[in-house]
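Working notes for the structure below.
Each value in this text was obtained by applying a stated rule to the coordinates, not by laboratory testing. Bear in mind the structure is a predicted one, so any value in this text is a computation, not a measurement. We place every Cβ from the backbone using ideal geometry, glycine too, and count neighbours over all the protein chains shown.
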Amino acid sequence: MRFSNSHLAKKSNPNRNLQRERWSWIGPLLWSFLGMIAIVTFFFFVITPRNPFLVLGPKLLKEKQRCNLFKGHWVEEARGAGMYTNWSCPTIPESKNCFKQGRKDMDFVNWRWKPDECELSRFDPTAFLHLLRGKKLAFIGDSVSRNHMESLLCILSQVETPQDVYKDSEDRFRRWYFPKTELTLIMLWTKFLVAGKERVVNGTGTGVFDLQLDKLDDGWTRHLPDIDYAIISSGHWFFRPLYLHEGTNIVDCVYCNDPNITTHNPDFALKMALRVAFKYINDCKSCGKLVTFVRTFSPAHFEDGIWNTGGYCNRTSPLSAKEIDFESFDWKLRDIQIEEMEKANREGETTTGRRFKAIDVTMAMMMRGDGHPGEFWGNKWMRGYNDCVHWCMPGPIDAWSDLLMAVMRK
């Protein structure tokens with residue numbers, strides 16, 4: 001029996017049609033699946049800001065963890081190191097806006113901090129806002145702490161405009177809110193961390209303070225349960241006559257020259273205040289997962305006197321590491337802060353799980369006598385006095401945010 005080719009073709013057509021029907025739905029499904037992969041990839045790698053914790057590869061992350069970020073030197077940046085200008089940041093306080101107040105030299109803003117053992121990445125405001133989305137970051141301390149917050153505020157405002165939501169009558173307690181990322185920056189003013197009161201005679205302050213070593217300043221402690229991250233700093237207010245109390249008893253003093261009371265240097269009072277503050281944080285049961293950063297002492301640079309005896313600071317470039325004195329009292333205060341922070345961190349790790357980390361700016365800032373407002377701080381009530389404590393904006397203080405983000409990434 002013979003079969004023609006046309007007959008064979010007709011016999012095979014039903015099978016081919018069946019195969020086509022079976023596989024016809026695979027193509028559209030495959031293309032849909034590939035399309036979904038493309039969309040997800042685009043969303044995560046293009047649209048969504050990358051988490052700073054995931055940017056570093058394992059090898060690079062280990063190298064950065066080994067690197068001492070706080071031991072280094074300043075290197076000149078040819079294109080400028082500033083992340084904002086006094087024109088692009090509308091929130092710079094008049095007293096820190098050195099260019100507006102008449103400072104002419106500009107080289108002091110063209111330096112960046114370089115650790116000896118690695119590179120320090122520049123602060124990324126977009127990544128920082130992403131990392132702290134919905135969080136509250138508080139700066140707890142004196143006016144230098146506020147200076148730090150004002151610097152960070154200027155950097156962040158280059159990518160998102162903040163809202164000024166609270167300011168007290170003395171401009172000491174502030175709150176700024178970033179609506180897109182729901183980050184809140186808070187300034188909690190405190191001179192000594194512990195409760196302190198100035199002695200007044202005939203209605204005039206004497207410059208002598210009584211500190212209560214068994215009681216903290218509730219101007220900052222009452223806010224702790226509502227805070228996710230705290231940056232604590234203190235130091236400059238301890239350089240004055242202080243009487244240290246426990247209960248109703250005077251137990252020690254600083255610069256009091258009283259033969260009946262044990263006299264100490266300012267570092268002793270600072271150590272006691274930090275110890276009480278850190279213990280309170282570790283014992284705070286309503287403080288959630290609060291992480292505490294300790295920003296170390298930021299030195300003043302008065303030359304040929306102090307603030308009220310003609311001291312000035314008119315340098316125009318940084319010192320080198322070889323020119324700073326590691327036997328100075330500034331460095332001693334820094335050592336005390338690190339020591340108390342490490343004790344508190346060990347205690348927290350073994351009990352509450354609370355963490356303390358250092359933002360050690362002391363070495364870097366010991367080199368930067370050129371970064372203060374000096375005579376260019378625009379204070380019409382105290383003409384003739386120089387500000388060699390706070391920092392110009394923009395200026396060296398902006399490097400503190402580089403270090404803050406690097407510590408967070410660790």
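Sequence neighbours fewer than 8 away in the same chain don't count; with that in mind, list the aspartates and glutamates whose C-alpha is under 12 Å from Lys215.
Glu246
Go through segment 326-396 and name the trypsin sites (Lys or Arg not before Pro) that are in a DSSP coil and have 10 or fewer other Cβ atoms within 10 Å of their Cβ.
In loop regions of segment 326-396 (DSSP not H, G, I, E or B), the sparsely surrounded trypsin sites (Lys or Arg not before Pro) are Lys380, Arg383.
Among the listed pairs Lys71/Lys96; Lys289/Lys410; Lys271/Lys343; Lys100/Lys136; Lys114/Lys136; Lys191/Lys285, give every one whose C-alpha distance is greater than 21 Å.
With Cα atoms farther than 21 Å apart: Lys71/Lys96; Lys100/Lys136; Lys114/Lys136; Lys191/Lys285.
Between Asp168 and Lys380, 0.36 nm times their residue separation minus their Cα-Cα distance comes to what?
Net length gain for the segment: 74.1 nm.
Within segment 319-352, which GluC sites (Glu not before Pro) sit in a loop by DSSP and count at most 14 neighbouring Cβ atoms inside 10 Å?
Passing sites in segment 319-352 are Glu327.
Filter the trypsin sites (Lys or Arg not before Pro) in segment 144-240 to those in DSSP coil with at most 16 other Cβ atoms within 10 Å of their Cβ, and list the result.
Answer in residue order: Arg172, Lys180, Arg222.
Evaluate the distance, in nm, between pseudo-label points positioned 7 Å from the Cα of Val159 and of Thr126 along their respective Cα→Cβ axes.
Here the answer is 0.6 nm between the modelled labels.
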